[in-house]
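Each remark here refers to the structure printed beneath this line.
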Amino acid sequence: MQFNAVLDQLKLYEAGKPIELVVREYGIEAKDVIKLASNENPRGCSLKVIEAVREEASKMNLYPDDSMYELKGALATKFGVHDENVIIGSGSDQVIEFAIHAKSNPSSKVLMAGITFAMYEIYTLQTGGKVLKTASAQHDLAQMLELYKANKDVAIIILCIPNNPLGECVDTKDVYAFLDEISPETLVIIDGAYQEYASFKDSAKKIIPSDIIAKYPNTLYTGTFSKAYGLGGMRCGYGIAQPEVIKALLKLRAPFNITNLTLKAAIVALSDESFVEASVRENFEQMKAYEAFAKELGFEIIESYTNFIVFTFDKDKKSAEIAQKLMEKGIIVRNLGSYGMNAIRVTIGTPEQNARFFESFKTLYM
Ligand SMILES: *Cc1c(COP(=O)(O)O)cnc(C)c1O
C-alpha cells in the first residue's frame, strides 16, 4: 500500500528501553533493574499526587473537563500569565507537535541545533518540511543566526534550553539578543523541559515565560510534568504563548487529549513545589559524584544543566558495546550512537542507583 511520501524519510523514534524488556531478555528480576535512560525522576513523584489520583480513579467513566479550567488556571498563576496564554498537551511533546504542524510546510525549514531532541526533526518531516541544523552539535546561537539569515524560508527555530541529549544550556541574555534578530513571522519554540534543573543550578539560565512572550510575541515556551515533577507516565505538558499562537495550536488538538487522572495529577503536583525542589537539589548533589567519577576514570563529560549527564569515549571504546554490557547487568542507559556520537547519556538516579552504576561501569571500563 502507498502511504504519504513524506513518511518514506521518517524513522521511528527510539525510546529508552523499558525495564520489562530487560527482565524478559536477561532474566534479571525487575527489582534489580535500574533505568537511567529516559530522564525520569528517580524519586518518583509527590505522595500527594498518588493520593489524589487514587481518589480520582472512581471517575474513570467520565470524560475529563475539556476546558482544563483548573490546570490552566494553576499554570497561569504559577507563570503569571492568563488562561488564554496556556495550552495543555499529552506531554509537552504534543504541544511541540501542534506547533510544528501548525507552521511547517513543504516549502519551509525548521532550524535547530546539530544534536538536539529527536522529535523536532520527526514532526518537521511529517509536514514535508526541511530540517536545518547547525554544524555545531551544541547550541551555538551565532551559527544559528548565520543560518537563519542565509535561509529566507525558516518558519520555525527550536531552542532546547537546556538541551537534550547533550545537557548544555545557553544563557538567557544571549537568547534575548538572538530573538532581537528574528522576524516576528518566525515562530521560536523554547523547549524548557529541564528548566527546573537549569534555573536551580544557574540563574543566568532561567527563562521567564511571561517575560519572553511579552517581549517576543513570536515565541512559544513549552514545559513538562515528566521530568522534575516525576509524572512521565501521566503524559502532561504545556505551552505558554500569546493568544494568537495558542489559538492556532488549539485547532490541532483533539478533544480530551489528556485524562482525568492526568489533570488531577498535574494540578496536585503544582501544589507541592517542595517535592520538585528536593528532587532538583538531590540531582545536582548526585551529579557531583558523576563528575568526580568521570575525572577518576579519565574520560570526558559535557557540563550538564539537566538530570542527566553525557559521557563521551575515545575511539578504543564503543558506546553501543558499553550500553549493551551495562544492560546485561541490569542497568539501562542511553547510547547516543544514533546521534552519530560515541557517547552514552545517563540519567542521574538515586544515590543507591548511582553507586551501582559506578561499580558496574568500572568493572566494564577498566
Ligand atoms: C522529555 C522531553 C520533552 C517532553 O516530554 P513529555 O513527556 O512529552 O512532556 C520535551 N523536550 C525534551 C527536550 C525532553 O527531553
Hits in the stretch 170-194 - residues which are away from the ligand (no atom under 12 Å from the Cβ) and either hydroxyl-bearing (Ser, Thr, Tyr) or touching a Gly at 6+ places or on another chain (Cβ under 6 Å) (or both)
Thr172, Tyr176, Ser183, Thr186
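In the stretch 154-169, which residues are away from the ligand (no atom under 11 Å from the Cβ) and in a strand (DSSP E or B)?
Within the stretch 154-169, Val154, Ala155, Ile156, Ile157 meet the criteria.
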Being more than 21 Å from the chain's Cα centre (by Cα) and within 16 Å of the ligand (Cβ to nearest atom) is the filter here; which residues of the stretch 30-63 pass it?
Val49
Report yes if Arg345 is closer than 14 Å to Gly167 by Cβ and not assigned by TED's automatic domain parsing to the domain that holds Gln195, otherwise no.
yes
Any chance the stretch 275-284 includes a residue that's surrounded by 15 or more Cβ atoms within 10 Å (Cβ to Cβ), more than 18 Å from Leu231 (Cα to Cα) and among the charged types (D, E, K, R)?
no
Which one of these is out of contact with any Gly (no Cβ under 6 Å at 6 or more places or on another chain) and farther than 22 Å from Ala193 by Cα: Glu14, Glu70, Glu84, Glu20?
Glu20
Let me spell it out: the conditions are (1) open to solvent by 20 Å² or more (accessible area, probe 1.4 Å); (2) closer than 17 Å to Gln353 by Cβ, and Lys317 meets all of them except one. Which number is the exception?
(2)
In the stretch 221-243, the residues that are part of a loop (DSSP other than H, G, I, E, B) and within 11 Å of the ligand (Cβ to nearest atom)
Phe225, Ser226, Lys227, Ala228, Tyr229, Leu231, Arg235, Cys236
Test Ile213 against the criterion of being assigned to a helix (DSSP H, G or I), over 17 Å from the mean Cα position of the chain (by Cα) and more than 10 Å from the ligand (Cβ to nearest atom), and give yes or no.
yes
Report those strands (runs of 3 or more DSSP E) wholly inside the stretch 35-140 carrying at least 3 residues which are among the hydrophobic types (A, V, I, L, M, F, W, C) and either open to solvent by 70 Å² or more (accessible area, probe 1.4 Å) or out of contact with any Asp or Glu (no Cβ under 7 Å at 6 or more places or on another chain) (or both).
86-89, 109-112
Condition check: part of a helix (DSSP H, G or I), in the same structural domain as Lys264 (by TED's automatic domain parsing), modelled with pLDDT of 95 or more and within 16 Å of the ligand (Cβ to nearest atom). Does Tyr197 satisfy that?
yes
Any residue in the stretch 161-176 that is in the same structural domain as Ile207 (by TED's automatic domain parsing) and at positive phi sitting within a Cβ distance under 6 Å of a residue that is more than 9 Å from the ligand (Cβ to nearest atom) and open to solvent by 20 Å² or more (accessible area, probe 1.4 Å)? List the pairs, counting only those 6 or more apart or interchain.
Gly167/Ile302
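Can Asn41 be described as out of contact with any strand residue (DSSP E or B) (no Cβ under 6 Å at 6 or more places or on another chain) and assigned by TED's automatic domain parsing to the domain that holds Gly16?
yes
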Taking Ala150 as the residue in question, decide whether it is surrounded by fewer than 23 Cβ atoms within 10 Å (Cβ to Cβ), out of contact with any strand residue (DSSP E or B) (no Cβ under 7 Å at 6 or more places or on another chain) and at pLDDT 95 or above.
yes
Residues in the stretch 66-78: is at least one β-branched (Val, Ile, Thr) and within 16 Å of the ligand (Cβ to nearest atom)?
no
Quick one: what pairs do we get from the stretch 54-65, first residue within 17 Å of Ala266 (Cβ to Cβ) and aliphatic (A, V, I, L, M), second modelled with pLDDT of 95 or more and open to solvent by 90 Å² or more (accessible area, probe 1.4 Å), C-beta under 7 Å, 6+ apart or different chains?
none
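The values are calculated or read from the model by the stated rules, or taken from the named source; none is laboratory data. Predicted model, so just to flag it, every value in this text is computed and none were measured. Cβ: placed from backbone, ideal geometry, glycine included. Neighbour counts: every protein chain shown. With ligands, DNA and RNA removed, areas are computed over all heavy atoms of the protein, side chains included. Shrake-Rupley method; radii C 1.70, N 1.55, O 1.52, S 1.80 Å.
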